[in-house]
Amino acid sequence: MPFYHIEVYGCQMNVRDGESLEGILVSAGYRKAPGPDKADVVLVVTCAVRERAEVRALGRVTQLAGVRRRRKPVVVICGCVAQEHGGSLLERFPQVDLVVGPDEYQRLPGLLESGVRAFATGLGSGCDEGVRPVRSMFPRAFVTVARGCDNFCSYCIVPYVRGRERSRKPRDILAEVEELASSGFREITLLGQNVNSYRDGGTGFPELLSMVARAVPECWIRFVTSHPRDFGPELTEAMAGRPNICPALHLPAQSGSDRILERMNRGYARAEYLAKTAMVRERIPGIVLSTDMIAGFPGETDSDFHDSLSLLSEVRFDYGFLFRYSERSGTAAAGMPGSVPVPERLSRLHAMQELQNRITREKSSLLRGKTLPVLITGPGSLEGQLTGRTPGNRTVVVTGADAPPGTFMNVLISRADGWTHFGEKA
């Protein structure tokens, strides 16, 4: 019986893809290996959205040349980098046997059986039909509701490597979440490159979110990612209307400058973004807001950058995922004039990080002395500790308690460092 080993780089969608790949291989008779040295097939699931993620993943592929010499496993590059570069990866990396894009995963067993070096990077119209993923994050689970993206933000490669938008049938999504709930999973995150664009007949994402929450009231429900252009009152009301929909929203702003937002092809202005964050905070008090921001986009002036800093200050996000702009070949922004020197991008990123880290610590400190519901996800790093998540997706370390993963527990927060919170069972 052959053995497989999978390593995943990048976003939640890649984590979910790794689970799908496991399901496909298990169905074909493969078993999970304890590590790459014991595997007959080693798969690296890659991310192409940002340069650093791509470099890390391909660096790992380079390292696998050593494993290849010792055991000679079949090495497979999967994911967005595979889709972006295709067969050229076979030329760059002699240790690689197969290059398989996200829409070709179900062909993997046949490609492995053929024993031929090949690449498969066709873009399809499906959405994981017939795949039973092997879950890796109990008691938390990702459920794909849509794949692909039609937005074509000028900096983003996703539409080119994930294809156009397509949505799953509500009945299939509901069947999956109900099965997860019956298996003891207690947190379900609905995934899509832009969940707001979900559409199946007359069912949009606000309706789908409410349907899922009603179907599994014993589970916390989350979703990522929302595009600010498409986020509106209907989704806000859906979030407010069900107690098991978590009060957390990731709403990537990317820039605080109208001029840069237009160059990014984001489809909204700063004032619209601010109005939407104000709306959701008024309707869902205490909601945890997070964002993505890019520093040093082509043409970004000092004034544009200060608009981004002022947006961070005005909204006061609980968390920010901040990046320097990195060119992605094939995107519209890669050819734009006004490239910002890399040292200046890094300087601006550092300024953003300093500001957001301070805000995150200040907001986190306000939780000291409060009792919060926590979903226990597993043991902590030290003996006698548990780890878990709040409805706002904050990490909590619990001391002096014992409970299996999947347990809900009220925790009194005693201290916090911004990103991790510490407490005892209340």
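The numbers here are math on the coordinates, done by the rules we state, and not lab data. On a predicted model such as this, the values are computed, not experimentally measured, just so you know. Cβ sites come from the backbone with ideal geometry, for glycine too, and all protein chains shown count toward neighbours.
The figures follow:
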| item | result |
| --- | --- |
| Equivalent ellipsoid semi-axes - Cα gyration tensor, the range 140-365, angstrom | 32, 21, 15 |
| Residue (of G201, I260, M239) at the positive-pole extreme of the chain, dipole from beta-carbon charges | M239 |
| Distance between modelled label sites at E218 and R71, nm, 7 Å Cα→Cβ extension | 3.8 |
| Difference of contour (0.36 nm per residue) and Cα-Cα distance, E179 to R358 | 60.3 nm |
| Radius of gyration and Dmax over the Cα atoms of the range 90-186, both given in Å | 16.4, 47 |
| Calculated log₁₀ intensity ratio I(q)/I(0) where the Debye formula runs over C-alpha points of the chain, q = 0.09 Å⁻¹ | -0.60 |
| Of L98, S310, C149, farthest towards positive along the dipole that unit charges on Lys, Arg, Asp, Glu beta carbons give the chain | L98 |
| Equivalent ellipsoid dimensions for the range 371-425 as semi-axes, Å, which come from the Cα gyration tensor, largest first | 14, 12, 10 |
| For the range 3-120, fraction of C-alpha pairs farther apart than 23 Å, in % | 18 |
| For the chain: lysine pairs under 25 Å (alpha-carbon distance), excluding those fewer than 8 apart on one chain | 5 |
| Net length gained if the chain between W419 and H350 were fully extended (0.36 nm per residue, minus Cα distance) | 23.1 nm |
| Mean projected area in nm² (Cα convex hull; one quarter of hull surface) for the range 332-426 | 8.8 |
